[in-house]
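The structure appears below as structure tokens.
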């Protein structure tokens, strides 16, 4: 064997070894990179003047989850809230107030490992949790055609995954990505990374087969999920869709842009459920 071929073989083996290490590291590091739960529940809907029901539900693998059901009088629909990757459901009380004022009952649940929910989060596990929340609403008598499926940030990917097996009346995706690797500016490595961690949160692919009206909301000021990711996701959505641009940070845009955000939600909801019922 020539010296050149020997060097080429050594370089190839070194590259292969490096790739194997990177793939193993990606699989190991995913939970710490993707999930940032907190356990302490620091507020409740009562702090926003809302009546609520404390709910315990169980995923199909036996993990017990904590949730809140916030009823609205004469609700025009029920919103199933898949929250983002940080904190827990108590960080979403301001959103619950907005949804209530829009004439929606809301059901928000904590993924496993968040707040008072048991277990530890994983991509597969939180998908099970979303399905358990959907089933809880169905068991309570809420028809699929009366459900607004709402996902914020990572929760948008969870909601999109859920639409593979259920059909809500409408879908709202706020500050959500087309690809988790796009968030990390690693689209060029997507095939390798998917080989390492699996085909998780492939929101673009899920959006391409959507058959329900979809509203996408994103801010160009978002420093966590780039605005281009929100646009890519919107462009991938099949069928009826709308896009609303807000301003402000990833976690605070809906509050900073309240005068744009709330009317946009109301228009979308009115189109599909009728006006607020007084």
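List of remarks:
- With the highest mean first, a sort of the peptides 90-97, 221-228 on other beta-carbon atoms found within 10 angstrom per residue produces 90-97, 221-228.
- Neighbour-count ranking [beta-carbon atoms within 10 angstrom, fewest first] of 139, 266, 129: 139, 266, 129
- Spatial separation of Cα centroids for segment 120-158 and segment 241-278, in angstrom: 21 Å
- Mean separation of Cα contacts under 8 Å, 6 or more apart, over the residue count of segment 35-273: relative contact order %: 15 percent
- Order by protection proxy (mean Cβ within 10 Å, highest first), peptides 63-74, 41-52: 63-74, 41-52
- Distance between the modelled labels on residue 42 and residue 73, one decimal in nanometres: 3.2 nm (7 Å Cα→Cβ projection).
- Residue order for 152, 76, fewest other beta carbons within 10 angstrom first, comes to 76, 152.
- Here r is the Cβ-Cβ distance between residue 56 and residue 144 and R0 is 25 Å; the resulting FRET efficiency, rounded to 0.05, is 0.60.
- Cα gyration tensor shape of segment 35-273, rounded if a/c is under 1.5, else prolate or oblate by comparing a/b with b/c: rounded
Values quoted throughout were computed directly from the atomic coordinates according to the rules given, and no laboratory measurement underlies them. These numbers were taken from a predicted model, which means no experiment stands behind them. Note: ideal-geometry Cβ built from the backbone for every residue, glycine included; neighbour counts use all protein chains shown.
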